[in-house]
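K.L.:
The structure follows.
The values are calculated or read from the model by the stated rules, or taken from the named source; none is laboratory data. It should be emphasised that the depicted structure is a prediction, and the values quoted were computed from it without experimental measurement. When we count neighbours, we look across all protein chains shown, and the Cβ atoms used for this are built from the backbone with ideal geometry, even at glycine. Surface areas here come from the heavy atoms of the whole protein model, side chains and all, with no ligands, DNA or RNA. Shrake-Rupley method; radii C 1.70, N 1.55, O 1.52, S 1.80 Å.
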Amino acid sequence: MSKEQSKSYKVDSIKRFKIFMFGSILLATILGVFAQDIAYYISNNINIVKLSAVYCLTALTLISILLFLITPN
């Protein structure tokens, strides 16, 4: 691999990492803000398994917090 190809690969890798970080933070924010609405929608409209809205809200909140914690600074 030449130096230009190595540099191009490094830039691509950094670009993908930044997109991944942005996506994770965006998803965590959306889940955190709209968790209650999503939980009520799931508990009222998804009849595969009847779950209480509190359990859905807890799961969505934990997922949101974990996404914020695992995203590197």
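K.L.:
Which condition breaks for Ser2 when tested against (1) at pLDDT below 90; (2) open to solvent by 100 Å² or more (accessible area, probe 1.4 Å)?
P.N.:
The failed condition is (2).
K.L.:
Here is a follow-up. For residues that are small (Gly, Ala, Ser) and in contact with a Leu (Cβ under 6 Å, 6 or more places away or on another chain), scanning just segment 22-73, find the one that is modelled with the lowest pLDDT. Before you say what the answer is, go through the steps one by one.
P.N.:
Looking only at segment 22-73, we keep the residues that are small (Gly, Ala, Ser), and these are 23-24, 28, 32, 35, 39, 43, 52-53, 59, 64.
This time we only want the ones that are in contact with a Leu (Cβ under 6 Å, 6 or more places away or on another chain), so: 24, 28, 35, 39, 43, 64.
On the way: Ser24: 91, Ala28: 93, Ala35: 94, Ala39: 90, Ser43: 87, Ser64: 94.
If we take residues in segment 22-73 being small (Gly, Ala, Ser) and in contact with a Leu (Cβ under 6 Å, 6 or more places away or on another chain), then Ser43 is modelled with the lowest pLDDT.
K.L.:
Among the residues of segment 28-39, how many are closer than 29 Å to Ile14 by Cα and open to solvent by 90 Å² or more (accessible area, probe 1.4 Å)?
P.N.:
Step one: of segment 28-39, the residues closer than 29 Å to Ile14 by Cα are 28-33.
Keeping just the survivors that are open to solvent by 90 Å² or more (accessible area, probe 1.4 Å) gives 33.
Residues meeting the conditions: 1.
K.L.:
Working carefully through the options Ile14, Ile42, Ile46, find the one that is surrounded by 13 or more Cβ atoms within 10 Å (Cβ to Cβ) and among the aliphatic types (A, V, I, L, M). It would help to see each step written out before you state the result.
P.N.:
Numbers: Ile14 fails: surrounded by 13 or more Cβ atoms within 10 Å (Cβ to Cβ); Ile46 fails: surrounded by 13 or more Cβ atoms within 10 Å (Cβ to Cβ).
After ruling out the rest, the residue left standing is Ile42.
K.L.:
I'd like to verify a number: residues in segment 54-67 that are within 13 Å of Val33 (Cα to Cα) and either within 9 Å of the chain's Cα centre (by Cα) or buried (at least 18 other Cβ atoms within 10 Å of the Cβ) (or both), how many?
P.N.:
The total comes to 4.
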